[in-house]
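The values are calculated or read from the model by the stated rules, or taken from the named source; none is laboratory data. All values reported here derive from a predicted model rather than from experimental measurement. Cβ: placed from backbone, ideal geometry, glycine included. Neighbour counts: every protein chain shown. When the accessible area is computed, the model is the full protein with side chains, heavy atoms only, and any ligands, DNA or RNA have been set aside. Shrake-Rupley method; radii C 1.70, N 1.55, O 1.52, S 1.80 Å.
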Amino acid sequence: MLETELRDSLRTAVATEPALTLDIDEVVVRARKETARSRALVATGAATFVLVGGIVVGPTVARATGGMQPAGFPGPAPAITSSAPIVPKYSSAQLAERSTALAAALPTRVAAVVPGVSDLQTHPGSTPGLRDFVGIARFTTFTLDGARYGIHFTVITNGVEDLSEKGACVVVRPECLPGGLVGDASMRHVRSVDVVRPDSSVVTVAWLAADTGGPPAEALDGYLTQLANDPTLRF
Amino acid sequence: MFAREHARTLRRSAYLFCGDWHTAEDLVQATLVKIYRSWSRLGKRDTVHNYARTVLLRTWLDEKRKPWRRREPVGSEVPDTADPTIDIAEGVSRSWDRDVVHKALLTLAPRQRAVLILRYFDELSVAETARVMRCTEGTVKSQAARGLDSLRAAVARLSEGELTHA
């Protein structure tokens, strides 16, 4: 068979093509939704990674200091493999400024939302710098009914692209580290809420506790959702 | 918009890959969604079409790995009722001539099929085909040569009435 014959035959094979039934607008809407969903998932996944990393590192520090030490989420961005480079949209000074503002607002807001807390301390969180996401994070610890708890607050400023999804996503993820930690079960239980805000940022607020005691799940979800939607706690 | 401009072209290539217009449309839809998701990372617009070909090819190869898609239909349209105005013998003969090469093409191994479609339908150079298929130019040349040989043999078999289908 000659190459020209093959060319002609292939052209002829598609000559009687039926009308295109594909709705391009629908495809674009679907693509936007999938993109938004996956970005939000990556964002919340990043926050979860930060929490788990903090839980593993934190208690080691706590043991060394002889008490329950809040997980500090130290160090740079989590080491999640990503081939895409991080594209910072803010200078480090701007990020530091916003992080400081969040740190200043967080204890007051936590005290206002969670009744009966005392001895609040806020520590640096870890910015989940994944791909082209930009975010800030802070970790607040406090005492409630004699026990120590922590709230980790993350704002990813460009978490979603599709604004039609705004405010639609409230996810509660109760988690428990399987097997706990060797010699230390501190901060083993995590319960978090993700909220997509109208400004397209994604907020993840997580409650960390040593055991399942403390406030009931409904109350926790209420606290976390309230904090996640608190306009004063923002990027 | 890219999707509007290229949906038809992509669907033709997809049809030649899989032999079914409905599957071709599904493949194009999946391809366009994937392209949308990586749009911000794509470079110049003139390379986007070849990137789309790569995505389409990989989407099709992935689909073929799914058990429920392994059998490809040769014909996609079944008429509900006979049209008395049509000379069936003449129609069958014309349709057979038109389809025999594509039918033979569908019996080839997927990557050989892809090389022939990219080279002789999409009119890509050896270098462009290699980029789309993510392989070396030498592989493209050898796959094309073997593909043409296999296609000749398949056309001969089909013309002799051996209606086997891979």
Mean Cβ count within 10 Å, highest first, over the residues of peptides A:4-14, B:101-111: B:101-111, A:4-14
In Hz, Karplus ³J(HN,Hα) per residue of region A:196-212 (6.51, -1.76, 1.60; θ = phi - 60°; x = Gly, Pro): 8, 8, x, 8, 6, 7, 10, 10, 10, 10, 10, 9, 10, 9, 6, 8, 7
Interface size between chain B and chain A, please: total buried accessible area, 1.4 Å probe, rounded to the nearest 100 Å². 3200
